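The values are calculated or read from the model by the stated rules, or taken from the named source; none is laboratory data. These numbers come from a predicted model, not from an experiment. Using ideal geometry, Cβ is built from the backbone for each residue, glycine included, and neighbour counts are taken over all protein chains shown.
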2 protein chains.
Amino acid sequence: MTGTQPRAGVVSKERLTGLTIDALLALGLTQTDATDAATILVLADLFGLRTHGTSRIESYGERLRIGGINPTPSFNPEQVSPALYRLDGDNGVGPLVGFRALQVAMKAARSNGISCVFVRGSNHFGPVSPYSYIAAQQGFASIIGSNATTTIAPWGGTDARLGNSPVGFGVPNPAGRPVLLDMAISVVARAKIRNALKRGESIPSTWATDQYGRPTTDPKAALDGFLLPIGGHKGYGLALIVDLLAGMLSGAAYLTHVKSWLDDPEEPQNLGHFYILIDTTVLGNSEWLAARMTDYAAILHGSAPVDPNAPVIVPGEIELNQYDRQLAEGIDIGVEQLAMLEAAAVGKYQTAAG
Amino acid sequence: MTGTQPRAGVVSKERLTGLTIDALLALGLTQTDATDAATILVLADLFGLRTHGTSRIESYGERLRIGGINPTPSFNPEQVSPALYRLDGDNGVGPLVGFRALQVAMKAARSNGISCVFVRGSNHFGPVSPYSYIAAQQGFASIIGSNATTTIAPWGGTDARLGNSPVGFGVPNPAGRPVLLDMAISVVARAKIRNALKRGESIPSTWATDQYGRPTTDPKAALDGFLLPIGGHKGYGLALIVDLLAGMLSGAAYLTHVKSWLDDPEEPQNLGHFYILIDTTVLGNSEWLAARMTDYAAILHGSAPVDPNAPVIVPGEIELNQYDRQLAEGIDIGVEQLAMLEAAAVGKYQTAAG
């Protein structure tokens with residue numbers, strides 16, 4: 001907000017954080033819990049990941065009000081081995097559970113060089129990159145993932161039996177920007193197929209199958225079918241590994257045992273996450289790592305681009321550019337979402353949601 | 001070898017192991033080192049991964065003889081934090097360095113619940129699945145990767161600046177087969193493009209670009225160009241993460257700093273690897289894990305297949321089927337490779353290689 005006229009639907013980080021905390025307080029969370037959850041959701045918006053940021057107050061709020069999510073969870077991290085923890089999320093709001101798991105993982109990695117926290121009893125925890133970013137700012141490389149409601153068919157199969165599980169990675173750079181990679185395992189998100197349908201366009205046959213598991217170029221058939229994973233059997237395998245770590249080993253639900261928050265909003269989902277953190281500060285001094293990371297980015301940026309207007313980027317650059325710009329100019333969450341948050345912040349969210 | 005006539009080029013596990021050890025002894029390795037390296041290479045053949053198994057004695061041998069690989073490395077694992085180690089491979093044969101790193105990682109994970117070993121100063125370490133398999137048999141889940149000579153362009157770039165880095169995962173099942181996923185980040189291997197060229201066929205535009213970074217369906221142009229990663233920018237990101245862990249954080253070479261063993265066979269490659277192991281035996285008793293893993297496979301197998309002749313499989317099934325069959329019937333390495341190994345085993349490999 002640099003002295004120019006405020007734009008509609010654009011808010012400062014401070015105002016967005018305040019509204020989000022107030023909305024979560026109105027939904028029954030404690031001040032500390034609301035603050036921790038808001039940290040993740042606001043970072044998501046700062047990164048430009050609006051579908052996974054404070055807009056989620058709407059769906060989280062719906063489930064909190066009908067008892068599908070527990071507003072006052074208690075956390076008792078269980079140290080099963082010096083560097084390995086289990087955490088029951090007690091069916092709390094996902095970004096709160098995720099934030100607390102990250103704190104446990106950072107402390108354990110600082111003591112042991114590497115740590116793993118397996119989380120069960122959780123819910124949708126937002127995007128991965130806010131967690132990777134917080135970890136990277138403290139010098140931790142990270143591998144973080146969650147399982148999700150089933151939307152993908154096993155490779156060669158014909159029904160949804162695994163989730164489009166998100167997984168993310170971070171590598172810190174003491175002198176500059178971390179590398180951040182945050183991805184789902186599908187080639188594209190369903191929204192891209194819905195957009196093609198709206199525009200009356202066909203889709204590449206690599207995006208999705210019809211309901212019989214056959215690749216299709218028809219967006220309507222694709223929406224009745226299943227998203228395809230990247231690299232066919234390779235992405236299928238990656239999605240399973242994320243679910244095996246996040247769901248199976250954590251003691252959470254996995255594959256078809258994960259409840260859908262759309263079909264059963266009042267039921268605990270028992271989603272699982274995993275946080276693997278490595279303390280890079282013990283591998284060398286910060287000059288050593290900074291020099292290597294700076295060289296790393298320079299090598300990638302030095303590849304002449306196919307399209308002169310689209311230089312090669314390092315993963316995370318898009319999000320971190322958005323972060324810098326929105327921190328300076330305000331966060332564009334749109335007029336409708338701002339109205340939703342303002343209503344939710346004074347406990348009048350139901351009216352606003354219609 | 002079940003009493004039937006031995007087939008040409010088919011050998012028992014014992015004979016293949018003996019030949020491989022003898023070949024490595026003839027190339028200057030100690031008995032212990034030769035035995036450890038042979039364990040990985042023979043497992044690769046048992047899994048049916050012949051291009052990454054004992055056939056590599058040929059290229060390893062060439063580099064050992066000209067001093068490109070050190071036949072008698074010494075290993076001094078450095079514990080930088082309770083669960084985090086660095087290991088300098090001292091330019092030893094890759095599968096030997098990899099086997100020793102795995103041993104360090106297993107011991108550290110048993111003590112700490114999770115461990116990480118960063119390896120530098122290494123060479124091509126074979127496929128990942130033998131390491132994941134050995135770890136899984138001891139109850140460890142694993143994430144293991146290596147970097148590789150540059151063959152892939154950054155996403156949107158026009159020259160080879162990163163490797164087709166292999167990464168693998170394993171999850172143990174105390175009552176049956178582990179899940180094993182072992183993959184490179186490219187959509188296909190270059191061999192598949194060479195085969196299309198031989199047959200005069202075009203290739204899908206998702207496999208590779210020409211030398212200008214433009215997707216191509218011409219196999220000849222593709223062989224002059226670059227392999228494409230799975231999922232476009234997603235696979236590009238994954239390849240970077242593998243290289244950042246295996247090469248950058250480990251203290252090894254990374255990106256274009258990795259020497260090509262084809263162009264500079266007499267130079268140390270300074271490849272890097274990482275081994276992240278999680279001790280699943282502290283998460284629950286073996287009945288708990290066995291029940292969940294068995295249920296897991298059953299859910300996947302239960303999806304009706306698109307093609308009735310191609311049932312849904314769990315990653316690792318193809319390799320483990322090969323393992324069972326070849327352990328019983330002998331390992332098919334082919335007549336030529338057997339002749340190479342027999343010559344190498346008596347120190348006459350150069351003659352055999354022509």
Between A:Gly89, A:Gly126, which is at negative phi and touching a helix residue (DSSP H, G or I) at 6+ places or on another chain (Cβ under 9 Å)? A:Gly89
Look at A:Ala310 and say whether it is without any contact (Cβ under 8 Å) to a residue 24 or more places away in the chain, assigned to a loop (DSSP other than H, G, I, E, B) and on the phi < 0 side of the Ramachandran plot. yes
So is B:Pro73 assigned by TED's automatic domain parsing to the domain that holds B:Gln269, closer than 27 Å to B:Gly170 by Cβ, under 22 Å from the mean Cα position of the chain (by Cα) and assigned to a helix (DSSP H, G or I) or not? no
Under 20 Å from B:Asp224 (Cβ atoms), in contact (Cβ under 8 Å) with a residue 12 or more places away in the chain and not aliphatic (A, V, I, L, M): is that true of B:Lys198 in this structure? no
What is the residue count in the stretch A:7-33 for residues that are closer than 17 Å to A:Tyr323 by Cα, without any contact (Cβ under 8 Å) to a residue 40 or more places away in the chain and surrounded by 15 or more Cβ atoms within 10 Å (Cβ to Cβ)? 2
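Restricting attention to the stretch B:260-288, report how many residues are closer than 14 Å to B:Ser146 by Cα and at pLDDT below 90. Quick ask: steps written out before the conclusion?
Step one: of the stretch B:260-288, the residues closer than 14 Å to B:Ser146 by Cα are B:269-276.
Going one step further and asking which of them are at pLDDT below 90, we end up with none.
Residues flagged as closer than 14 Å to B:Ser146 by Cα and at pLDDT below 90 within the stretch B:260-288 amount to 0.
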Against the condition under 22 Å from the mean Cα position of the chain (by Cα), assigned to a helix (DSSP H, G or I) and either at pLDDT below 95 or over 30 Å from B:Leu84 (Cβ atoms) (or both), how does A:Ala101 come out, does it pass? no
For A:Val128, state whether it is over 19 Å from A:Leu41 (Cα atoms) and either in contact with a strand residue (DSSP E or B) (Cβ under 7 Å, 6 or more places away or on another chain) or basic (Lys, Arg) (or both). no
I'd like to verify a number: residues in the stretch B:209-238 that are more than 22 Å from the chain's Cα centre (by Cα) and either small (Gly, Ala, Ser) or in a loop (DSSP other than H, G, I, E, B) (or both), how many? 12
Some residue of the stretch A:80-89 being in contact with a Leu (Cβ under 6 Å, 6 or more places away or on another chain), outside any strand (DSSP E or B), at pLDDT 95 or above and surrounded by fewer than 24 Cβ atoms within 10 Å (Cβ to Cβ): no
With respect to B:Tyr323, is the statement that it is buried (at least 16 other Cβ atoms within 10 Å of the Cβ), closer than 22 Å to A:Leu162 by Cα and aromatic (Phe, Trp, Tyr) true? no
List pairs: first residue in the stretch A:135-147 and more than 16 Å from B:Leu249 (Cβ to Cβ), second residue of a type in the set (S, T, N, Q) anywhere in the structure, Cβ distance under 7 angstrom, at least six positions apart or on different chains. A:Ile144/A:Ser132; A:Gly145/A:Ser165; A:Ser146/A:Ser165; A:Asn147/A:Ser165
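Consider the stretch A:173-213. How many of its residues are of a type in the set (A, V, I, L, M, F, W, C) and either over 30 Å from A:Ser132 (Cα atoms) or more than 10 Å from chain B (Cβ to nearest Cβ) (or both)?
9
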Condition check for A:Glu342: assigned to a helix (DSSP H, G or I) and either in the same structural domain as A:Phe140 (by TED's automatic domain parsing) or touching a strand residue (DSSP E or B) at 6+ places or on another chain (Cβ under 8 Å) (or both): yes
Of the residues that sit in the stretch A:107-121 and are closer than 16 Å to A:Phe169 by Cα and touching a helix residue (DSSP H, G or I) at 6+ places or on another chain (Cβ under 6 Å), which one is nearest to the other protein chains (Cβ to nearest Cβ)? A:Ser115
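What residue, of B:Gly145, B:Gly163, B:Gly168, B:Gly139, is within 12 Å of another protein chain (Cβ to nearest Cβ) and either within 27 Å of A:Ala310 (Cα to Cα) or touching an Asp or Glu at 6+ places or on another chain (Cβ under 6 Å) (or both)?
On the way: B:Gly145 fails: either within 27 Å of A:Ala310 (Cα to Cα) or touching an Asp or Glu at 6+ places or on another chain (Cβ under 6 Å) (or both); B:Gly163 fails: within 12 Å of another protein chain (Cβ to nearest Cβ); B:Gly139 fails: either within 27 Å of A:Ala310 (Cα to Cα) or touching an Asp or Glu at 6+ places or on another chain (Cβ under 6 Å) (or both).
Among B:Gly145, B:Gly163, B:Gly168, B:Gly139, only B:Gly168 is within 12 Å of another protein chain (Cβ to nearest Cβ) and either within 27 Å of A:Ala310 (Cα to Cα) or touching an Asp or Glu at 6+ places or on another chain (Cβ under 6 Å) (or both).
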Starting from the stretch A:234-259, take each residue that is facing chain B (nearest Cβ under 7 Å) and list its partners that are among the acidic types (Asp, Glu) and surrounded by 24 or more Cβ atoms within 10 Å (Cβ to Cβ), counting only C-beta distances under 8 angstrom and pairs at least six apart or across chains. A:Tyr254/A:Asp243; A:Leu255/A:Asp243
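I'd like the residue in the stretch B:187-203 that is modelled with pLDDT under 90 and assigned to a helix (DSSP H, G or I) and, out of all such residues, is surrounded by the most Cβ atoms within 10 Å (Cβ to Cβ).
Kept after step one, since they are modelled with pLDDT under 90, are these residues of the stretch B:187-203: B:189-191.
This time we only want the ones that are assigned to a helix (DSSP H, G or I), so: B:190-191.
Values: B:Arg190: 15, B:Ala191: 9.
Among them, the one singled out is B:Arg190.
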Can you tell me which of (1) under 24 Å from B:Leu240 (Cβ atoms); (2) assigned to a loop (DSSP other than H, G, I, E, B) is the one A:Ile278 doesn't meet? (2)
